[in-house]
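The values are calculated or read from the model by the stated rules, or taken from the named source; none is laboratory data. Quick caveat: nothing in here was measured; it's all calculated off a predicted structure. So basically every Cβ, Gly included, is an ideal-geometry build from the backbone, and we count neighbours across all protein chains shown.
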Amino acid sequence: MKVARTVLSGGKDGDNFKVIPIATVQESLQFYAETAGNRLSYLLRSCTARRSAFRFERVKPGRDRLAGSMCNTKKIIRKGEREMNKDIQFLKELQQELKTQEIDCQAAPRFWTLMDYKWVVTAEGHHDRISLFFMDDCKAVIVEEYIEDIISGQLEHELTEERIEELKEMREYESEEGLVEWIKENIDDDCYLIYEEEVSFIVQDTMFLTKEDAKKHIEDNGHHYTKQVHTYAMTAWRSPKVERLLNILEIIDWESISTK
């Protein structure tokens with residue numbers, strides 16, 4: 001409340017003010033003066049000794065300002081509800097996918113990674129292929145592919161037709177070791193055989209809740225892997241928090257949480 005103006009004795013009661021005893025007004029003003037500062041003290045001095053009347057008005061925010069504030073609040077609430085409903089819809093779809101997808105013979109709680117393949121050096125007799133390592137270039141090539149490139153003219157070497165025909169015949173009956181000896185004598189003597197086997201491995205930094213998500217990752221990022229890469233299901237063994245989280249995702253009624 002605030003004091004608007006003083007009305008001298010004799011004023012009539014109306015909608016906007018009423019006449020009250022001067023003692024009551026003085027006591028009230030004294031209280032306001034002591035608590036709110038000296039800005040009201042002048043009112044005490046202006047009061048007459050007999051009786052006066054004061055009109056008090058309530059301070060209200062403007063209607064336009066109040067309406068704008070309420071409108072902004074409603075917009076924020078509606079936006080938050082829309083975002084929350086989008087998240088809940090995502091969780092509902094994820095829940096359905098978790099319940100219906102293939103399990104790939106893995107116990108729950110399960111997740112998916114990627115498995116790819118690479119060649120590693122091994123001992124003779126355990127190998128899947130034999131490669132030729134060139135010391136000068138520091139690279140390895142598959143013997144069969146290297147021989148094919150020589151015969152087809154893909155590699156630039158000063159070989160006579162007789163030498164090439166000799167190599168063609170040797171490829172039919174000679175072992176890979178024998179072919180490597182021929183290469184050392186005719187092309188590059190600073191090379192040697194290495195025996196390699198193909199091994200699988202779990203691709204680092206990959207983890208997916210659904211098999212479809214893992215497949216989509218391969219489609220979008222296949223250039224980072226070999227052509228043999230594929231999804232691989234695993235079990236989060238003795239991982240109680242992961243197990244509880246996946247159970248919640250599968251059993252909770254997300255429809256009851258959504259805002260209409």
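Some points to look at:
- Any hit, the range 138-149, residues being without any contact (Cβ under 8 Å) to a residue 24 or more places away in the chain, loosely packed, with under 11 Cβ neighbours inside 10 Å and of a type in the set (A, V, I, L, M, F, W, C): yes
- Residue in the range 75-83 that is outside the structural domain of ILE218 (by the TED database) and over 43 Å from the mean Cα position of the chain (by Cα) present: no
- Near pairs, Cβ below 8 angstrom, 6+ apart or cross-chain, from the range 189-201 (loosely packed, with under 11 Cβ neighbours inside 10 Å) to any residue that is small (Gly, Ala, Ser) and in a loop (DSSP other than H, G, I, E, B): none
- Test: VAL242 is assigned by the TED database to the domain that holds GLN96 and either farther than 30 Å from LEU94 by Cα or assigned to a helix (DSSP H, G or I) (or both): yes
- Just one of the listed residues (THR210, THR235, THR206) is surrounded by 12 or more Cβ atoms within 10 Å (Cβ to Cβ), closer than 10 Å to LEU114 by Cα and of a type in the set (S, T, N, Q), namely THR206.
- Qualifying residue in the range 171-178 (condition: polar (S, T, N, Q), in the same structural domain as GLU144 (by the TED database) and without any contact (Cβ under 8 Å) to a residue 60 or more places away in the chain): yes
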